[in-house]
1. At a 1.4 Å probe, what is the % contribution of carbon and sulfur to the accessible area of segment 1-62?
2. By how many nm would the segment from THR18 to ARG33 grow when fully extended, if each residue of separation counts as 0.36 nm and the alpha-carbon distance is taken off?
3. Suppose all protein chains stay in the model; what accessible area per residue would a 1.4 Å probe give for the chain, in Å²?
4. Quick one: if you take sqrt(5λ) for each eigenvalue of the C-alpha gyration tensor of the chain, what semi-axes come out, biggest first, whole angstrom?
Amino acid sequence: VWAGHNSDGRISIIDTATDTVKQTIAASRMAFRIAFTRDGKTAVVAGATGNEVVLIDAASKQVARRIATPDAVPQGIL
């Protein structure tokens, strides 16, 4: 499970078999919406107060790209 943190802009990756946080990724301020591309290779994160959309490589769990949205506040992913 990938869970976004509203307060610190991180994403926790939780192992549901052990109920433990396996990794935490610094994503964007208020990273509260996460969706995966259809192929499961990329996590798309709406950084609402960071005014950006962040793409995370699901395999490496590294930020692949940041897309600035200076005139918008991304709050959802379709």
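The values are calculated or read from the model by the stated rules, or taken from the named source; none is laboratory data. All figures in this text were calculated on a predicted structure; none of them were measured in a lab. Keep in mind that these areas ignore ligands, DNA and RNA; they rest on the heavy atoms of the full protein, side chains included. Shrake-Rupley method; radii C 1.70, N 1.55, O 1.52, S 1.80 Å.
1. Roughly 48 percent of what the probe reaches on segment 1-62 is carbon or sulfur.
2. 3.0 nm
3. So the chain comes to 62 Å² accessible per residue, rounded to a whole number.
4. Whole-Å semi-axes of the equivalent ellipsoid: 21, 14, 10.
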